[in-house]
Amino acid sequence: MRSYNKRQKYDLGELLREHSHELSQKYRLSFTQERAIEDLTRCRTAEIGGHVLQCTDCGHTEHAYNSCRNRHCPKCQFVKQAQWVDKLKSSLPATRYFHIVFTLPQALHKLFYVNQKSCYSILLNAAIKSVKQVAGSKSGIGAEVGGIAILHTWGQALTYHPHVHMLVPAGGLSEDRMEWIHANKKFFVPVKILSKVFRGILCKHLEKGILKEEIFIHENNTWSGLKDQLYEKSWNVYVKPALAGSEKVLEYLGRYTHRVAISNERITQVTDQKVTFRVKDYRANSIVRNMELPVLEFLRRFLQHILPTGFYKIRYFGYMAQVNVGKLGKQVIAILEQRLLIPEFEGLSAMEVFHTIIGCGKNTCPVCYIGRLIPAHIEIPPS
């Protein structure tokens, strides 16, 4: 009987297991970080048990260890990402899309890291409000827009870099919601105006939070001094070229939604002292190179990106918001006279989705190639 769980050459969970004691001794870890370490080190091992899969034809059985289901686990996000993107197929307008990136100046990094839950929400809301406000104004297209905003907190080198990726259809609903107003080929709002509005909204909400003592600012700093720093330089909102067609957009979304700070496949070498991993250098035409860090520094950088408990990093807005998608979303699709894409994975289990993605059928038995492997309702208890 073989184990069903395949592994990469190097595993982040195993690294955390080997060095968890050193991490807790050297750094002051939050409860959420400690919980993530515990989950990732136990994922798909006998420690959290599992179940038995049995062939419906020949009776062949296999062990399948349970997943930890932690959203920061690189092994658990692959299927979740595919299911999420697949579910969007039936509600995604078939039009061009803009990819917008909202970044923060370095001066705000410390404030954000200390007040993660409040500040991350402010960042996402400021990005959404600025797009809606400018797009609906005379400077934009005068339309009601919708989209998806996703928070990321890391750069390629695992440094702390909070930013928002946003995908927005290139157009919006008219004031009476009866027509679709198309955006021009470049973008539907002036980027310089959008950057200023984003800065203004973000600073306004940060100030409110600080005055209400919902956001802690270090005693050696003052909001007025920090605010002066933030207004000294222009902020840059980056808009990438538009994408055409739902399939392209879905493929693009898959790269950003359930991604974690580092995947196992990016780790190329591990020694007792060092971890080597691949990074993409965007300043040098996206050249991929290897980067080497001491093991504890590598793990410390990873743990910076563990999100607060209960925080949702994906937000929908406008006609794509969950409360609107049933009515307004369908109206947009009807106005655009598009044909809906049918979700492929609806009704399938996570295991069946995985097999469909890797192209080996719906849990086809590796012995008889006729039957399907299904849960035999035999639980493997935790060791």
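The values are calculated or read from the model by the stated rules, or taken from the named source; none is laboratory data. Note that this is a predicted model, so its numbers are computed, not measured. Cβ atoms come from the backbone with ideal geometry, glycine included; neighbour counts cover every protein chain shown.
Among all residue pairs at least 6 apart or on different chains, which show Cβ distances below 9 Å where the first residue, located in segment 143-163, is more than 23 Å from Y316 (Cα to Cα) and the second is part of a loop (DSSP other than H, G, I, E, B) and not hydrophobic (A, V, I, L, M, F, W, C)? Cβ pairs passing all conditions: L158/Q304; L158/H305; T159/Q304; Y160/Q304; Y160/H305. Evaluating D272 against the criteria (1) assigned to a loop (DSSP other than H, G, I, E, B); (2) under 20 Å from the mean Cα position of the chain (by Cα); (3) at pLDDT 80 or above leaves one unmet condition, (2). Per the listing Y231, Y160, the residue uniquely of a type in the set (F, W, Y) and closer than 30 Å to I287 by Cα is Y160.
Taking the criterion of being among the basic types (K, R), out of contact with any Ser or Thr (no Cβ under 8 Å at 6 or more places or on another chain) and within 25 Å of A157 (Cβ to Cβ), the residues of segment 224-278 that qualify are K233, K240, R255, R259, R266, K274.
Scanning segment 306-328 for residues that are crowded, with 19+ Cβ neighbours inside 10 Å and within 13 Å of K117 (Cα to Cα) yields a single hit, I306.
The residues of segment 119-142 that are free of Cβ contacts under 8 Å to residues at least 40 places away in the same chain and under 19 Å from H99 (Cα atoms) amount to a single one, G136.
Selection of helices (runs of 4 or more DSSP H) fully inside segment 148-267 by the criterion of at least 2 residues being of a type outside the set (S, T, Y) and modelled with pLDDT of 90 or more returns 191-211, 223-232.
Inspection of segment 288-305 finds a residue satisfying the criterion of being exposed (fewer than 14 other Cβ atoms within 10 Å of the Cβ), aliphatic (A, V, I, L, M) and at pLDDT 85 or above. How about segment 127-147: which of its residues are under 18 Å from P241 (Cα atoms) and assigned to a strand (DSSP E or B)? Across segment 127-147, the qualifying residue is only G147. Residues in segment 333-378 that are under 27 Å from the mean Cα position of the chain (by Cα), under 30 Å from M178 (Cβ atoms), at pLDDT 70 or above and surrounded by 15 or more Cβ atoms within 10 Å (Cβ to Cβ): I333, P343. Can you find a residue in segment 91-99 that is surrounded by 19 or more Cβ atoms within 10 Å (Cβ to Cβ), among the aromatic types (F, W, Y) and closer than 21 Å to V164 by Cα? Yes, segment 91-99 has at least one match.
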